[in-house]
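To keep things clear, I will list the structure first and then write my remarks on it.
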Amino acid sequence: MSTERQPGHDGAPEFRPKGTAFLLAQVGAHAAARFAERVGGLGVVPSDVGLLRMIAVRPGRSQQSLAGELGVVPSRVVALVDGLERKKLVERRRNPQDRRNYALHLTAEGERVMAEMRELGAAHEDDICAALDETQRAQLAGLLSAIAAQQGLTPGVHPGYRGPRK
């Protein structure tokens, strides 16, 4: 990361990082914190939102399929789904094709939370990207998608589910 010297608020020189990776981390951390604040009012945390979205997109999916897509051990998904079940956002139903497995479905409350999440998500996107016009937003999304693909990140899956790399 490179730095450049610029005058600070008091006129004294200060060093400011100007590397792209730093800026990505800075904006990402800020956006994540703001998102957590927004969804906290719904009684959920960001990891809940990601799982709810994944279940909403494929109702009836198994916990094993979630674990595979997230790249985590199945016991981790069991714990996450247990939390959603306690919040009455998800229900487990016996899978009619394989009674050893559960099919995951959103409850009526889960559907309501997802509807509110869509509105919050759109507002969050508009707030975070307010400095950009539509063309710039599309260009930024394309560039970030290219970086994510090159880094081997699974589309639509936050790497935070896996925990820190060892």
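Number of residues in the range 81-95 that are in contact (Cβ under 8 Å) with a residue 40 or more places away in the chain and touching a Ser or Thr at 6+ places or on another chain (Cβ under 8 Å): the value is 1. Of the residues screened, residue 118 is one that is modelled with pLDDT under 95 and either under 20 Å from residue 34 (Cβ atoms) or not in a helix (DSSP H, G or I) (or both).
The number of residues in the range 39-60 that are exposed (fewer than 13 other Cβ atoms within 10 Å of the Cβ) and touching a residue at least 24 places away in the same chain (Cβ under 8 Å) comes to 2. Counting the residues of the range 86-105 that are closer than 20 Å to residue 68 by Cβ and either touching a helix residue (DSSP H, G or I) at 6+ places or on another chain (Cβ under 9 Å) or modelled with pLDDT of 95 or more (or both) gives 6. Is it the case, given these coordinates, that residue 76 is modelled with pLDDT under 90, in contact with a Gly (Cβ under 9 Å, 6 or more places away or on another chain) and among the basic types (Lys, Arg)? Yes.
State all residues of the range 106-136 that are touching a helix residue (DSSP H, G or I) at 6+ places or on another chain (Cβ under 8 Å) and farther than 23 Å from residue 43 by Cβ; if no residue qualifies, say none. Passing the criteria: 129, 132. Residue count for the range 107-151, restricted to those that are under 16 Å from the mean Cα position of the chain (by Cα) and among the β-branched types (Val, Ile, Thr): 2.
For the range 73-114, taking the residues that are among the charged types (D, E, K, R) and part of a loop (DSSP other than H, G, I, E, B), the one that is surrounded by the most Cβ atoms within 10 Å (Cβ to Cβ) is identified as 87.
When restricted to residues that are free of Cβ contacts under 8 Å to residues at least 24 places away in the same chain and of a type in the set (A, V, I, L, M, F, W, C), the range 117-143 contains 9. Filtering the range 28-67 to residues that are of a type in the set (S, T, N, Q) and over 20 Å from residue 148 (Cα atoms) leaves 62, 63, 64, 65.
Restricting attention to the range 35-52, the residues being in a helix (DSSP H, G or I) and under 12 Å from the mean Cα position of the chain (by Cα) number 10. When each of 110, 142, 121 is tested for being more than 23 Å from residue 85 (Cα to Cα) and of a type in the set (Gly, Ala, Ser), the lone residue that passes is 142. Looking at the structure I just gave you, is residue 75 more than 17 Å from the chain's Cα centre (by Cα) and of a type in the set (S, T, N, Q)? In short, yes.
The values are calculated or read from the model by the stated rules, or taken from the named source; none is laboratory data. None of the values given here were measured: they were computed from a predicted structure. Note: ideal-geometry Cβ built from the backbone for every residue, glycine included; neighbour counts use all protein chains shown.
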